[in-house]
1. Tell me yes or no: at least one residue of segment 7-25 is touching a residue at least 60 places away in the same chain (Cβ under 8 Å), over 22 Å from residue 269 (Cβ atoms) and in contact with a His (Cβ under 9 Å, 6 or more places away or on another chain).
2. Condition (residue is at pLDDT below 95, within 29 Å of residue 182 (Cα to Cα) and under 18 Å from the mean Cα position of the chain (by Cα)) applied to segment 108-119: is it met by at least one residue?
3. Within segment 183-194, identify whether any single residue is among the acidic types (Asp, Glu) and in contact (Cβ under 8 Å) with a residue 40 or more places away in the chain, and answer yes or no.
4. Looking at segment 239-273, which of its residues are over 14 Å from residue 202 (Cα atoms), buried (at least 19 other Cβ atoms within 10 Å of the Cβ) and either among the β-branched types (Val, Ile, Thr) or in contact with a Cys (Cβ under 6 Å, 6 or more places away or on another chain) (or both)?
5. Name the residue that is surrounded by the most Cβ atoms within 10 Å (Cβ to Cβ), counting only residues in segment 7-66 that are at pLDDT 95 or above and basic (Lys, Arg).
6. Within segment 173-201, can you find the residues that are within 22 Å of residue 139 (Cα to Cα), of a type in the set (A, V, I, L, M) and surrounded by fewer than 17 Cβ atoms within 10 Å (Cβ to Cβ)?
7. Considering segment 202-218 alone, what residues qualify as being more than 17 Å from residue 28 (Cα to Cα) and crowded, with 24+ Cβ neighbours inside 10 Å?
8. For segment 85-103, which positions are surrounded by fewer than 16 Cβ atoms within 10 Å (Cβ to Cβ), within 17 Å of residue 54 (Cα to Cα) and not aliphatic (A, V, I, L, M)?
Amino acid sequence: MAQLPPPHPDPHPPRRLVAPAGACDAHCHIFGPFARFPTPEGASYRPAETPLEHYRAMADRLGLARAVFVQPAIYGSDHSVMLDAIARGHGAYAGVGILDDTLGDATLTALHIGGLRGARFNFVGHLGARPDRAMIERTAARVALLGWHLVFHLDEAALRAEADWIAGLGVPVVIDHMARLDAGSDAFAVLLGLACLPHVWVKISAADRICADGDLSRALPFMAALADAAPERTLWGTDWPHPNIGWMPDDGDLIDLLALAVPDATARHAILVDNPARLYSFS
């Protein structure tokens with residue numbers, strides 16, 4: 001089992017913006033504390049222990065008041081860590097879970113009451129086999145009754161393979177991490193085309209994943225183009241604590257990157273406050 005490194009120990013406060021009241025980190029993860037929430041047997045990696053208290057310290061440094069916790073693949077359908085964190089946020093947090101069409105109605109209702117608002121499906125190869133389209137459609141029909149959306153974790157191969165199907169879905173869809181496209185990939189046109197559709201949202205997050213050489217500035221034109229294409233359906237997140245990446249970014253650099261990609265304060269307010277509030281029902 002691979003041991004993952006911890007996140008940056010001392011991220012700097014934003015230097016290029018002041019986060020507005022109610023700013024939301026729309027993509028982050030919680031691991032542990034392991035005494036209560038151990039890494040499951042057979043997990044493909046062991047993350048650093050990064051409980052809610054560690055996340056709050058980072059978010060406070062950046063000026064982020066709200067968060068959307070995304071279920072890591074290693075926890076599978078056990079959402080205990082996330083539900084505990086959401087409950088402790090007293091309305092400031094929401095969640096996106098991993099589930100399929102075998103989930104019972106009572107369990108689905110309990111997840112909704114616990115603060116989940118989306119169902120995530122991993123299409124990235126190293127996280128296992130791609131999910132079945134028919135299963136996703138059946139699941140979508142159920143969660144749509146609760147006002148949920150779908151979240152797709154894609155890479156370039158999956159984006160190319162699934163784009164036409166995603167375009168035809170009749171429910172809101174969020175595409176994680178700019179589809180993890182390498183900065184400069186010609187598949188960006190496919191992603192941009194999807195972002196222009198009224199049911200597709202995009203997270204302009206994880207610039208560190210698409211800039212493997214550590215030069216975050218290479219992500220700027222892609223972040224800017226997506227934000228311009230769908231200003232009312234763009235989200236941003238830290239992806240803290242950055243599991244399974246080749247180098248560890250400073251989260252202060254990541255939020256400063258948003259200021260460079262989206263220099264207009266009104267547009268940034270929509271991305272950080274208005275859009276996540278609408279999608280996740282923050283009051």
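The values are calculated or read from the model by the stated rules, or taken from the named source; none is laboratory data. Every value quoted in this text rests on a predicted model; they were computed, and no experiment measured them. Neighbour counts run over all protein chains shown; Cβ positions are idealised from the backbone, glycine included.
1. Looking through segment 7-25, at least one residue is touching a residue at least 60 places away in the same chain (Cβ under 8 Å), over 22 Å from residue 269 (Cβ atoms) and in contact with a His (Cβ under 9 Å, 6 or more places away or on another chain).
2. No.
3. Taking every residue of segment 183-194 in turn, none turns out to be among the acidic types (Asp, Glu) and in contact (Cβ under 8 Å) with a residue 40 or more places away in the chain.
4. Correct list: 240, 255, 262, 273.
5. For segment 7-66, the residue satisfying everything is 66.
6. Within segment 173-201, 197 is the sole residue that qualifies.
7. None - no residue of segment 202-218 is more than 17 Å from residue 28 (Cα to Cα) and crowded, with 24+ Cβ neighbours inside 10 Å, so the list stays empty.
8. If the condition is that a residue be surrounded by fewer than 16 Cβ atoms within 10 Å (Cβ to Cβ), within 17 Å of residue 54 (Cα to Cα) and not aliphatic (A, V, I, L, M), then 88 is the only one that fits.
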